[in-house]
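**Q** Below is the structure I would like to discuss, written out as structure tokens.
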Amino acid sequence: MLIKLEYKISGGDFTRAGHASSEVKKNLKQLGVDPLIIRRVVVSMYEAEVNIVAHAYNGHIKVEIESHRIRIVLADKGPGIPDIEMAMREGYTTASQQVREMGFGAGMGLPNIKKNSDILNITSIVNEGTTVEIINNLQ
Amino acid sequence: MEAEKRYNYHALKVADNLCIGCTHCMQVCPTEAIRVRSKLAHINGTRCVDCGACVKACPTSAILIEHDDFNHIFKYEYRVALVPAVFIGQFADVYTTNQIYSALYELGFTNVCEVEHSVEILNEFAIEYYQNYQGEKPLISPYCPAIVRLIQGRFPALVENIMQVRPPVELSALYYQKKLLNKGIAPEQIGLFYVSPCAAKIAAVKNPISEQPGLFQGVINMDFLYNRVLRLLKNTTKPVELRNYKSSLTAKGVLWALTNGESDNMPGRTLAIDGIHNVIDFLELLENGEIHDVDFLELRACDHSCAGGILSHANRFLLVERMRKRAKRNADIKQNSDIRDIDKYKEYLTENGKTAEIPQLPMQNLDQDISKAIAKLQRQRKLMCFLPGIDCAACGAPTCSAFARDVVTRKADLSQCVFLQRMMEKHGKLSPEHAFKINEKIWGINRFEKDCYRKGAENENI
Ligand SMILES: Nc1ncnc2c1ncn2[C@@H]1O[C@H](COP(=O)(O)OP(=O)(O)OP(=O)(O)O)[C@@H](O)[C@H]1O
Ligand code: SF4
Ligand code: SF4
Ligand SMILES: [Mg+2]
């Protein structure tokens, strides 16, 4: 059996950033998933969610939960990432001063996602958008 | 399983004869632990964290906090009252600390010790713990037992952030016990009685994290003792015989139970959050990884921390003001000064300062088996398509989503929803008589008949 959850994300709306990850967390708690795995899932998803808010125009999150794994696909329309390898480096950021003043933009998001996921796939087309796929095993 | 059983002790009991089967308690409970069945509120022990919100909300004072019979103290030759500083704060300024203490002796106690006497030693121990701590920050204070229970059940991943440090009341009790034992008094002659400001602390004293229960011989509710003491103090024909008691509680001790009492005395970047809903909001953020660079969290279930405990009768704003004044008066009392006997026991208390490991006690899963849980969650989400989302509580559950959870875990039947009943009636699947019976099963037989003695009705209170 498969549970599907979907969320819409608007770029620039920091007040709602984190909402979707909180919802996913609530669901995982009801499934009795190991708290440390929930933490990984939520932290990685939160960072990817915030990246859409901070760097893209709008996005769409699809979540699939199965007994053995959770797959989260975050697809956005936005500027895209020209050099993914570079973007993955700790401390690398293109965040504006304004975003940094809000406490984001340390360049730690993508490395954190990497750390907190079992599988991470990023594809991106410049001036079109970015798709981030995060998979975590649940058992 | 063992741990779960142990944590199922709660001091709260619903009095069947007082409960009128309304929805006030159910709707304020932060963990959705309450349901109404057969005209009575039922508290689910796995979900309840003893925060006391339901007690405050009950219009008929039907949720009681069980404590021990006061006369129980006379079974012991040495009757030690461990009173929190908020107890002294209950009394208007006209009464001196000496008068209040003297009244406690007159009631039958042979020794009185303020709970926060151990705070100076505890604080040093906690700072050392903080400095040696290698794990992820922030460290979370274990002070408020309702919050500890909340984290164990609802934020299990954060259990490892809770400091394994014993609360002031246990350390002060250990001190007094040791002091009497050192004098050659036999253990069975010593009765340690805790005067509690709340239900959470009663549960924690009866079932401490650290040890097997048994450090205390009993618990007395603070509001009960307040009445007994005030009665003595107000008796002008036979005034309380004054002892020569001098407070040796430091300012830090006086303020410890108030908001910022701990956080002001811990290193690093600290935050103090009071009110259980505020705490839940913050823990959600923390769990999402949204909070960075906080070193220490003081989290308390009640507004204004223990000044707002359910057994605290005084207005909490006045109480806080009185305690701040007392802290100023006590500002000269220093640790290790002659009047502070407890500081001689520092080594002993430090040796015993740590609690055992704190277990996780998840309260939210739908099933032990994840595949079954997924099926139930799926069904729950489907059910939500049919429930109106009004959260009226007429089904006996606090919200439509709590009701859906009850249905998929077989604790409730879909036909309990009054709106689905109307739909079923419309489609000829349920008769009005049957629907009526279902509602009576939840709210009580004859509950919907005219009754002018009801609260707010013509003959109320007659
Ligand atoms: N969805 C996205 N669309 C466009 N660019 C992105 C997206 N996600 C990341 N980037 C680019 O990759 C860089 C690094 O991302 P990363 O999440 O590691 O850091 P950050 O978002 O800048 O800061 P932090 O996540 O620490 O707040 C970003 O500065 C941005 O240039
Ligand atoms: S004490 Fe708190 S958690 Fe327990 S039933 Fe009452 S409101 Fe709910
Ligand atoms: S804040 Fe104090 S009074 Fe309130 S539940 Fe916690 S320990 Fe008890
Ligand atoms: Mg980022």
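The values are calculated or read from the model by the stated rules, or taken from the named source; none is laboratory data. Bear in mind that the values here come from a model prediction, so they are computed numbers and not experimental data. We place every Cβ from the backbone using ideal geometry, glycine too, and count neighbours over all the protein chains shown. The protein model used for the area step is the full one, side chains on, heavy atoms only, and it has no ligands, DNA or RNA in it. Shrake-Rupley method; radii C 1.70, N 1.55, O 1.52, S 1.80 Å.
**Q** Hey, which lysines would be in cross-link range of B:LYS234, C-alpha to C-alpha under 22 Å, not counting anything within fewer than 8 residues on its own chain?
**A** B:LYS246
**Q** List the aspartates and glutamates whose Cα sits under 20 Å from the Cα of B:LYS39, skipping any in the same chain fewer than 8 residues away.
**A** Result set, ordered by chain and number: B:ASP16, B:ASP391, B:ASP406, B:ASP413, B:GLU433, B:GLU440, B:GLU449, B:ASP451, B:GLU460.
**Q** Can you give the extra length, in nm with one decimal, that the chain gains between B:HIS434 and B:GLU136 once fully stretched, where that is 0.36 nm per residue apart less the Cα-Cα distance?
**A** 101.6 nm
**Q** Now a separate question. Return the distance in nm (one decimal) between the two label points of a simple spin-label model at B:ASP332 and A:ILE84, each offset 7 Å from Cα along Cα→Cβ.
**A** 7.3 nm
**Q** Let me ask something else. What is the ratio of the Cα radius of gyration of the protein assembly as shown to 2.2 N^0.38 Å, with N the residue count, to two decimals?
**A** Working it through for the protein assembly as shown, the quotient is 1.10.
**Q** Give me the log10 of I(q) over I(0) for chain B at q = 0.07, 0.08, 0.10 Å⁻¹, as the Debye formula computes it from C-alpha points; what are the numbers?
**A** -0.42, -0.54, -0.80
**Q** Rounded, prolate or oblate, given the Cα gyration tensor of segment B:1-153, with a/c below 1.5 counting as rounded?
**A** In terms of gyration-tensor shape, oblate.
**Q** Next question. I'd like the distance between the alpha-carbon centres of segment B:89-152 and segment B:192-270, rounded to an integer number of Å.
**A** 7 Å
**Q** Excluding residues on the same chain fewer than 8 positions from B:LYS344, give the aspartates and glutamates whose Cα lies under 20 Å from its Cα.
**A** Those aspartates and glutamates meeting the cut-off are B:GLU114, B:GLU116, B:GLU120, B:GLU124, B:GLU128, B:GLU170, B:ASP332.
**Q** Can you give the log10 of the normalised intensity I(q)/I(0) at q = 0.24, 0.33 Å⁻¹, computed with Debye over equal Cα scatterers of segment B:40-82?
**A** These q points yield log10 I(q)/I(0) values of -0.88, -1.31.
**Q** Then there is this: Once ligands and nucleic acids are excluded and a 1.4 Å probe is used, how much of A:TYR57 is accessible, expressed in Å² to the nearest 10?
**A** Counting only protein heavy atoms, A:TYR57 exposes about 140 Å² to solvent.
**Q** Rg and Dmax of chain A, using alpha carbons, in Å: what are they?
**A** According to the Cα coordinates of chain A, Rg and Dmax are 14.3, 45 Å.
**Q** Over the protein assembly as shown, with every protein chain in place, what whole percent of the accessible area is carbon and sulfur at 1.4 Å, could you tell me?
**A** The computed percentage sits at 50.
**Q** Give me Rg over Rh for segment B:2-65, both radii from the alpha carbons and Rh done the Kirkwood way, two decimal places.
**A** 0.95
**Q** To the nearest 10 square angstrom, what accessible area does A:GLU101 show with a 1.4 Å probe?
**A** It works out to around 140 Å².
**Q** Just counting partner chain Cβ atoms within 10 Å, what average do the residues of peptide A:3-10 show around their Cβ?
**A** That average works out to 1.
**Q** Compute the FRET efficiency between B:CYS392 and B:ALA92 as 1/(1 + (r/R0)^6), taking r as their Cβ-Cβ distance and R0 = 41 Å, and round to the nearest 0.05.
**A** Plugging the Cβ-Cβ distance into 1/(1 + (r/R0)^6) gives 0.40.
**Q** Further question: Among B:MET384, B:SER248, B:HIS277, whose Cα projects farthest towards the positive end of the dipole of chain B, with charges put on the beta-carbon of Lys, Arg (+1) and Asp, Glu (-1)?
**A** Toward the positive end, the furthest listed residue is B:MET384.
**Q** I'd like the Karplus ³J(HN,Hα) series for segment B:121-126: coefficients 6.51, -1.76, 1.60, θ = phi - 60°, whole numbers in Hz, and an x wherever there's a Gly or Pro.
**A** 5, 4, 4, 4, 4, 5
**Q** Okay, moving on. For segment B:227-235, what does the Karplus curve 6.51 cos²θ - 1.76 cosθ + 1.60, with θ = phi - 60°, yield as ³J(HN,Hα) per residue in whole Hz, taken in order and with x for Gly and Pro?
**A** Values, residue by residue: 4, 5, 6, 5, 4, 5, 5, 7, 6 Hz.
**Q** For segment B:370-443, max minus min Cα coordinate along each principal axis, in Å, sorted largest first?
**A** Here the Cα extents, ordered largest to smallest, are 40, 25, 20 Å.
**Q** Another question about this same structure. How much accessible area per residue does segment B:370-443 have, counting only protein heavy atoms and a probe of 1.4 Å, in square angstrom?
**A** Per residue, segment B:370-443 has 54 Å² of solvent-accessible surface.
**Q** Pop the C-beta distance of A:HIS60 and A:ASP13 into the FRET formula with R0 = 22 Å and round what comes out to the nearest 0.05.
**A** 0.95
**Q** What figure, in Å² to the nearest 10, do you get for the accessible area of B:LEU215 with a 1.4 Å probe and non-protein molecules left out?
**A** The accessible area of B:LEU215 comes to roughly 30 Å².
**Q** While we're looking at this one, here's another question. In segment B:281-315, what residues drop by 30 Å² or more of accessible area when the other protein chains are put back, versus the chain on its own? Use 1.4 Å, and skip ligands and nucleic acids.
**A** B:GLU284, B:GLU287, B:ASN288, B:GLU290
**Q** Which pairs break 31 Å Cα to Cα here: B:LYS201/B:LYS441; B:LYS137/B:LYS346; A:LYS29/A:LYS115; B:LYS75/B:LYS179?
**A** Exceeds cut-off: B:LYS201/B:LYS441.
**Q** Can you tell me the alpha carbon radius of gyration of segment B:134-269 divided by the globular rule-of-thumb value 2.2 N^0.38 Å?
**A** 1.28
**Q** Rounded to the nearest 0.05, what FRET efficiency is calculated for A:THR94 and A:GLU128 with R0 set to 25 Å and r the Cβ-Cβ distance?
**A** Efficiency, rounded to the nearest 0.05: 0.90.
**Q** Using only protein heavy atoms and a 1.4 Å probe, how much accessible area in total is buried between A and B, to the nearest 100 Å²?
**A** 2300 Å²
**Q** What per residue convex hull volume, in Å³, do the alpha-carbon atoms of segment A:53-94 yield?
**A** Looking at segment A:53-94, the number lands at 101 Å³ per residue.
**Q** Also, I was wondering about something else. Mind scanning B:LYS429/B:LYS455; A:LYS25/A:LYS62; B:LYS183/B:LYS238 and naming the pairs with a C-alpha gap bigger than 26 Å?
**A** From B:LYS429/B:LYS455; A:LYS25/A:LYS62; B:LYS183/B:LYS238, over 26 Å: B:LYS429/B:LYS455; B:LYS183/B:LYS238.
**Q** Then there's this: Step through the residues of segment B:419-427 one at a time and calculate ³J(HN,Hα) from phi using the Karplus curve (6.51 cos²θ - 1.76 cosθ + 1.60, θ = phi - 60°), rounding each to whole Hz and writing x for Gly and Pro.
**A** Each residue of segment B:419-427 in turn: 7, 5, 4, 4, 4, 5, 4, 4, 9 Hz.
**Q** Related question: Only Lys, Arg, Asp and Glu count, each charged at its Cβ (+1, +1, -1, -1), so figure out the dipole size of the protein assembly as shown about its Cα centre, rounded to 20 debye.
**A** With only Lys, Arg, Asp and Glu charged at Cβ, the dipole is about 1500 debye.
**Q** Work out the mean other chain Cβ neighbour count within 10 Å for the residues of B:367-379 and drop it here as an integer.
**A** Counting other chains' Cβ atoms within 10 Å and averaging over B:367-379 gives 5.
**Q** Which residue, chosen from B:ALA394, B:GLY108, B:TYR175, occupies the Cα position most advanced towards the positive end of the dipole of chain B, where the dipole is computed from +1 (Lys, Arg) and -1 (Asp, Glu) charges on Cβ about the Cα centre?
**A** Most positive-ward Cα: B:ALA394.
**Q** Give the shape of segment B:296-338 as rounded, prolate or oblate, defined through the alpha-carbon gyration tensor: a ≥ b ≥ c are the square roots of its eigenvalues, a/c under 1.5 means rounded, and otherwise the shape is prolate if a/b is larger than b/c and oblate if not.
**A** oblate
**Q** Rounded, prolate or oblate: which fits segment B:217-333 when a ≥ b ≥ c are the square roots of the eigenvalues of the alpha-carbon gyration tensor, with rounded for a/c under 1.5 and prolate only if a/b beats b/c?
**A** Cα axes put segment B:217-333 in the prolate bin.
**Q** Next question, about the same structure. Just the accessible area per residue of segment A:22-89, please: how many Å² with a 1.4 Å probe?
**A** Dividing the accessible area of segment A:22-89 by its residue count gives 39 Å².
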